[in-house]
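J.: Below is a structure I'd like to ask you about.
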Amino acid sequence: MLEQQTIQEFLDALSSKAPVPGGGGASALAGAMGNGLGQMVGNLTVGKKKYAQVEEEVIQLLKTMEDLQKELISLANQDAEVFAPLAEAYRLPSKTEEEKAYKAAVMEENLLAASQVPIRIMEKSAEMLAVLKILAEKGSRMAVSDVGVGVQLIRAALLGAVMNVYINTKSMENREKAEELNQYADRLAADGTKQADAVYETVLHALK
């Protein structure tokens, strides 16, 4: 479980030949780190007289971010969990027609599962970008640069996850379902990138 590992343990596993963690888990972790920076900005905002008018809103944002961080860490773990049966499916025998049919069915089931986890990472990243947009405008000015760093980490999570969608849908036999997933991922990536870039520009403007 990711939350039980030290940073070094995770990096050692990531850099090894082991199939997991991989890009999906790293993307989710990047999202969790961006979330952590958002929480820091929120905590630096709450309790300050200068930001009394937005305190209740920021407190609610902190609760939202706490939930999102748990979900992102859970998704990092799920990414590893769904890859294991997919890797096993690739190794199934396919000499006879019966074996080929069984392997194809198992592969399709596991490719779908492996596609859905990164899509959820993208969805949570989109939710996090909406929070960071507010913090960029209303959060502590002393920590606005941290909002910008958080945005870039969430952007990496979003665009890292979309590649994990594509690599799995590419092998799916059900092309209608694959294209449905791809198109949804396309929208999440396009909308999220646009929003991340806008928030980042807001931060740069505040810094300069």
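The values are calculated or read from the model by the stated rules, or taken from the named source; none is laboratory data. Model, not experiment: these values are computed from the prediction. With ideal geometry, Cβ positions are generated from the backbone for all residues, glycine too; neighbour counts draw on all protein chains shown. These area figures cover heavy atoms from the full protein model, side chains too; ligands, DNA and RNA do not enter into them. Shrake-Rupley method; radii C 1.70, N 1.55, O 1.52, S 1.80 Å.
J.: In the list Leu68, Leu62, Leu72, Leu86, which residue meets the criterion of being modelled with pLDDT under 95 and in a helix (DSSP H, G or I)? Break it down stepwise before answering.
T.: On the way: Leu68 fails: modelled with pLDDT under 95; Leu62 fails: modelled with pLDDT under 95; Leu72 fails: modelled with pLDDT under 95.
Among Leu68, Leu62, Leu72, Leu86, only Leu86 is modelled with pLDDT under 95 and in a helix (DSSP H, G or I).
J.: Would it be correct to say that Ser125 is under 20 Å from the mean Cα position of the chain (by Cα), at negative phi and open to solvent by less than 20 Å² (accessible area, probe 1.4 Å)? Don't jump to the end; show me each part of the working.
T.: Values: under 20 Å from the mean Cα position of the chain (by Cα): yes; at negative phi: yes; open to solvent by less than 20 Å² (accessible area, probe 1.4 Å): yes.
Yes: the conditions hold for Ser125.
J.: Based on this model, can you work out whether Ile121 counts as closer than 28 Å to Glu180 by Cβ and touching a residue at least 12 places away in the same chain (Cβ under 8 Å)? If you could, list the steps in order and put the result at the bottom.
T.: On the way: closer than 28 Å to Glu180 by Cβ: yes; touching a residue at least 12 places away in the same chain (Cβ under 8 Å): yes.
The answer is yes for Ile121.
J.: Also, quick follow-up: Please specify each residue of the stretch 7-42 satisfying the condition of being over 14 Å from Glu66 (Cα atoms), of a type in the set (S, T, N, Q) and free of Cβ contacts under 8 Å to residues at least 60 places away in the same chain.
T.: Those that are over 14 Å from Glu66 (Cα atoms), of a type in the set (S, T, N, Q) and free of Cβ contacts under 8 Å to residues at least 60 places away in the same chain: Gln8, Ser15, Ser16.
J.: I've got another one for you. Quick test of your reading of the structure: Ser145 fulfils all but one of (1) over 30 Å from Glu56 (Cβ atoms); (2) open to solvent by 20 Å² or more (accessible area, probe 1.4 Å); (3) among the polar types (S, T, N, Q). Name the failing condition by number.
T.: With respect to (1) over 30 Å from Glu56 (Cβ atoms); (2) open to solvent by 20 Å² or more (accessible area, probe 1.4 Å); (3) among the polar types (S, T, N, Q), Ser145 is out only on (1).
J.: Any residue in the stretch 190-202 that is touching a residue at least 40 places away in the same chain (Cβ under 8 Å) and closer than 20 Å to Ser140 by Cβ sitting within a Cβ distance under 7 Å of a residue that is part of a helix (DSSP H, G or I) and open to solvent by less than 60 Å² (accessible area, probe 1.4 Å)? List the pairs, counting only those 6 or more apart or interchain.
T.: Val199/Leu129; Val199/Leu132; Val199/Ala136; Val199/Val151; Tyr200/Gly148; Tyr200/Val151; Thr202/Ala136
J.: Within the stretch 54-65, does at least one residue satisfy the condition of being more than 28 Å from Leu188 (Cβ to Cβ), open to solvent by 30 Å² or more (accessible area, probe 1.4 Å) and of a type in the set (S, T, N, Q)?
T.: no
J.: Take the conditions among the β-branched types (Val, Ile, Thr), closer than 15 Å to Gly25 by Cβ and touching a helix residue (DSSP H, G or I) at 6+ places or on another chain (Cβ under 9 Å) and apply them to Ile121. Does it pass? Show your work before the answer.
T.: On the way: among the β-branched types (Val, Ile, Thr): yes; closer than 15 Å to Gly25 by Cβ: yes; touching a helix residue (DSSP H, G or I) at 6+ places or on another chain (Cβ under 9 Å): yes.
Spelling it out, Ile121 is indeed among the β-branched types (Val, Ile, Thr), closer than 15 Å to Gly25 by Cβ and touching a helix residue (DSSP H, G or I) at 6+ places or on another chain (Cβ under 9 Å).
Yes/no per residue for (1) assigned to a helix (DSSP H, G or I); (2) open to solvent by less than 20 Å² (accessible area, probe 1.4 Å):
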site: Asp12; (1), (2): yes, no
site: Pro19; (1), (2): no, no
site: Ala26; (1), (2): yes, no
site: Ala32; (1), (2): yes, yes
site: Gly36; (1), (2): yes, no
site: Gly42; (1), (2): yes, yes
site: Tyr51; (1), (2): yes, no
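J.: Right, something else. When Gln4 is evaluated against the numbered criteria (1) within 19 Å of Ala157 (Cβ to Cβ); (2) free of Cβ contacts under 8 Å to residues at least 40 places away in the same chain, which criterion, by number, is the only one it fails?
T.: Every listed condition holds for Gln4 apart from (1).
J.: Just need a number here: residues in the stretch 170-195 that are open to solvent by 60 Å² or more (accessible area, probe 1.4 Å) and either of a type in the set (Ser, Thr, Tyr) or touching a strand residue (DSSP E or B) at 6+ places or on another chain (Cβ under 7 Å) (or both).
T.: 1
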